[in-house]
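Visitor: The structure follows.
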Amino acid sequence: MYKILADQDLAPGLRLFRVYAPHIAQRAKPGQFVIVRMDEQGERIPLTIADQDVQEGSVSIIVQGVGKTTRQLGALHAGDSIATFTGPLGRPTEIEHWGVVVCMGGGFGVAPVFQVARAMKKVGNHVVTIMGARNVQLLFWEDRLGSVSDELYITTDDGTKGKKGFVTDVLKDFIDGERKIDLVFAVGPVPMMRAVARTTEPYGIRTVVSLNPIMVDGTGLCGACRVSIGGQTKFACVDGPDFDAHQVDWSLLMNRLSQYLPEERVSLERYEQEYRCQMEKAKSEIRL
Ligand SMILES: Cc1cc2nc3c(=O)[nH]c(=O)nc-3n(C[C@H](O)[C@H](O)[C@H](O)COP(=O)(O)OP(=O)(O)OC[C@H]3O[C@@H](n4cnc5c(N)ncnc54)[C@H](O)[C@@H]3O)c2cc1C
Ligand code: FES
């Protein structure tokens, strides 16, 4: 069992957990992830390693509640335990001295971007970070990203903080202003990563994205995380999750992500019903 040392609300639906896993904390590199199972019957879900503390022996994960397992995980607190916590998995992001690196994060993608931006800065790159969210309430780690970036830009869809619009609007401004960009690294929802790829492709700017297909075993054996890169089949868990954004078959990725929508909906409805029943039971016990 892997004990949760601390929990924190970052934004509505977004929670951070520090989990005691010293063997992973020691070995994890930026861009890698863990596969987590809440309990022995639980499904396995991949989550990026958002940070690690070797001294404490902890690994930080950030969970966005989108379906049954992420919501169930999001309801845990410090002192609770997670049944299995496997990692570090995946190939680490290529950290090199590229020159000017633009790191772009949306939603929970801000977490992997933090690790990568910090590592890119450490090897001497000029790091420009662009982070985006739907609104100001959903922004998190602005201070942490600011501390590892030479420049930080914020966008919100509704204009409640930073520039009104998408992260790609700021990127486009840079390109139109003929700013030197040697590498773009982007993590976030698939439509955002696809938009970044479409923005940089006509200019031949090297662009890397961290893909998030559905995963099961994380060992390259089950094929669940199959993606098509430059016409070749790759497994995101062992060949990625980072890939050349201009080579990704985005339609295939989107189709595969929505493959189990009906089952996911049923599973979430069941969970919410059970959760409501448990809350009602707890309330009536308190009243007795
Ligand atoms: C390498 C990797 C790293 C990831 N890192 C994080 C992270 O740090 N924090 C985090 O919150 N999530 C992360 N994800 C996504 C996370 O694994 C999924 O959100 C989770 O598996 C959904 O499980 P669920 O049972 O809660 O939802 P489900 O019921 O399985 O799905 C609910 C909804 O979410 C969508 N969804 C399902 N799986 C994914 C996915 N892999 N990516 C995007 N949307 C998905 C479904 O299409 C559906 O609409 C990562 C995924 C990968 C592959
Ligand atoms: S998750 Fe099974 S092959 Fe990648």
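Visitor: Looking at Thr86, is it open to solvent by 30 Å² or more (accessible area, probe 1.4 Å) and either among the aliphatic types (A, V, I, L, M) or in contact (Cβ under 8 Å) with a residue 24 or more places away in the chain (or both)?
Guide: So Thr86 passes the test.
Visitor: A further question follows. Among the residues of segment 216-238, write down those that are closer than 23 Å to Pro191 by Cβ and in contact (Cβ under 8 Å) with a residue 24 or more places away in the chain.
Guide: Residues satisfying the conditions are Arg226, Val227, Ser228, Ala236, Cys237.
Visitor: For Asp80, only one of the following conditions fails: (1) more than 16 Å from ligand 1 (Cβ to nearest atom); (2) within 27 Å of Leu268 (Cβ to Cβ); (3) under 18 Å from the mean Cα position of the chain (by Cα). What is its number?
Guide: The number of the failed condition is (3).
Visitor: If Gln41 meets every condition in (1) in contact (Cβ under 8 Å) with a residue 24 or more places away in the chain; (2) in a loop (DSSP other than H, G, I, E, B) apart from one, which number is that one?
Guide: Of (1) in contact (Cβ under 8 Å) with a residue 24 or more places away in the chain; (2) in a loop (DSSP other than H, G, I, E, B), only one is false for Gln41: (1).
Residue-wise test of (1) within 16 Å of ligand 2 (Cβ to nearest atom); (2) within 21 Å of the chain's Cα centre (by Cα); (3) under 21 Å from Asp244 (Cα atoms).
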residue	(1), (2), (3)
Asp182	no, no, yes
Tyr203	no, no, yes
Asn212	yes, yes, yes
Val216	yes, yes, no
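Visitor: Report every pair of residues separated by at least 6 positions or lying on different chains whose Cβ atoms are under 6 Å apart, first residue within segment 58-71 and assigned to a loop (DSSP other than H, G, I, E, B), second away from ligand 2 (no atom under 16 Å from the Cβ).
Guide: Hits for this filter: Gly65/Gly13; Gly65/Arg71; Gly65/Gly74; Gly67/Glu264; Gly67/Leu268.
Visitor: Let me ask something else. Applying the selection to segment 43-70, what residues are away from ligand 2 (no atom under 16 Å from the Cβ), open to solvent by 10 Å² or more (accessible area, probe 1.4 Å) and farther than 25 Å from Ala186 by Cα?
Guide: Within segment 43-70, Val54, Gln55, Glu56, Lys68 qualify.
Visitor: Output the residue which, of all residues in segment 1-15 that are at pLDDT 95 or above and of a type in the set (A, V, I, L, M), is least open to solvent (accessible area, probe 1.4 Å).
Guide: Restricting to residues being at pLDDT 95 or above and of a type in the set (A, V, I, L, M), the top hit is Ile4.
Visitor: Among the residues of segment 247-269, count how many are within 13 Å of Leu211 (Cα to Cα), open to solvent by 60 Å² or more (accessible area, probe 1.4 Å) and not in a helix (DSSP H, G or I).
Guide: Adding up the residues that qualify gives 1.
Visitor: Just the residues that are under 25 Å from Pro30 (Cα atoms), away from ligand 2 (no atom under 13 Å from the Cβ) and loosely packed, with under 13 Cβ neighbours inside 10 Å, please, taken from segment 218-231.
Guide: Quick first cut of segment 218-231, residues under 25 Å from Pro30 (Cα atoms) only: 218-230.
Restricting the remaining residues to those that are away from ligand 2 (no atom under 13 Å from the Cβ) gives 228-230.
Within segment 218-231, just Gly230 meets the criteria.
Visitor: Another question, if that's okay. Tell me which of these Phe166 doesn't satisfy, since it passes every other one: (1) under 20 Å from Thr93 (Cβ atoms); (2) under 19 Å from the mean Cα position of the chain (by Cα); (3) not hydroxyl-bearing (Ser, Thr, Tyr).
Guide: (1)
Visitor: Would you please name the residue that is nearest to Val208 (Cα to Cα), looking only at residues in segment 19-34 that are open to solvent by 30 Å² or more (accessible area, probe 1.4 Å) and in contact (Cβ under 8 Å) with a residue 60 or more places away in the chain? It would help to see each step written out before you state the result.
Guide: Let us first name the residues in segment 19-34 that are open to solvent by 30 Å² or more (accessible area, probe 1.4 Å), namely 20, 22-23, 26-27, 29.
Keeping just the survivors that are in contact (Cβ under 8 Å) with a residue 60 or more places away in the chain gives 27, 29.
Details: Arg27: 23, Lys29: 17 Å.
The selected residue is Lys29.
Visitor: Then there's this: Please pick out the residue among Pro46, Pro92, Pro22, Pro12 that is more than 19 Å from the chain's Cα centre (by Cα) and of a type outside the set (Gly, Ala, Ser).
Guide: Numbers: Pro46 fails: more than 19 Å from the chain's Cα centre (by Cα); Pro92 fails: more than 19 Å from the chain's Cα centre (by Cα); Pro12 fails: more than 19 Å from the chain's Cα centre (by Cα).
None of the others qualify; the one that does is Pro22.
Visitor: Another one. Name the strands (runs of 3 or more DSSP E) wholly inside segment 104-204 in which the number of residues that are more than 23 Å from Phe33 (Cβ to Cβ), modelled with pLDDT of 95 or more and open to solvent by less than 60 Å² (accessible area, probe 1.4 Å) is 1 or more.
Guide: Values: elements: 126-133, 151-156, 183-187.
Output list reads 126-133, 151-156.
Visitor: Also, I was wondering about something else. Please indicate, with yes or no, whether at least one residue in segment 207-215 is open to solvent by 40 Å² or more (accessible area, probe 1.4 Å), polar (S, T, N, Q) and touching a residue at least 60 places away in the same chain (Cβ under 8 Å). Give the derivation first.
Guide: Within segment 207-215, the first condition is being open to solvent by 40 Å² or more (accessible area, probe 1.4 Å), and the residues that meet it are 212, 214.
Then keep just the ones that are polar (S, T, N, Q); that gives 212.
Subsequent filtering for residues that are touching a residue at least 60 places away in the same chain (Cβ under 8 Å) retains 212.
There is at least one residue in segment 207-215 that is open to solvent by 40 Å² or more (accessible area, probe 1.4 Å), polar (S, T, N, Q) and touching a residue at least 60 places away in the same chain (Cβ under 8 Å).
Visitor: Here's another thing I want to ask about it. Please indicate, with yes or no, whether at least one residue in segment 75-85 is among the β-branched types (Val, Ile, Thr) and either closer than 23 Å to Leu211 by Cβ or within 16 Å of ligand 2 (Cβ to nearest atom) (or both).
Guide: Yes, segment 75-85 contains a residue that is among the β-branched types (Val, Ile, Thr) and either closer than 23 Å to Leu211 by Cβ or within 16 Å of ligand 2 (Cβ to nearest atom) (or both).
The values are calculated or read from the model by the stated rules, or taken from the named source; none is laboratory data. The shown structure was predicted, so the numbers you read here are calculated from the model rather than taken from an experiment. Cβ sites come from the backbone with ideal geometry, for glycine too, and all protein chains shown count toward neighbours. Accessible surface areas use protein heavy atoms only, side chains included; no ligands, DNA or RNA. Shrake-Rupley method; radii C 1.70, N 1.55, O 1.52, S 1.80 Å.
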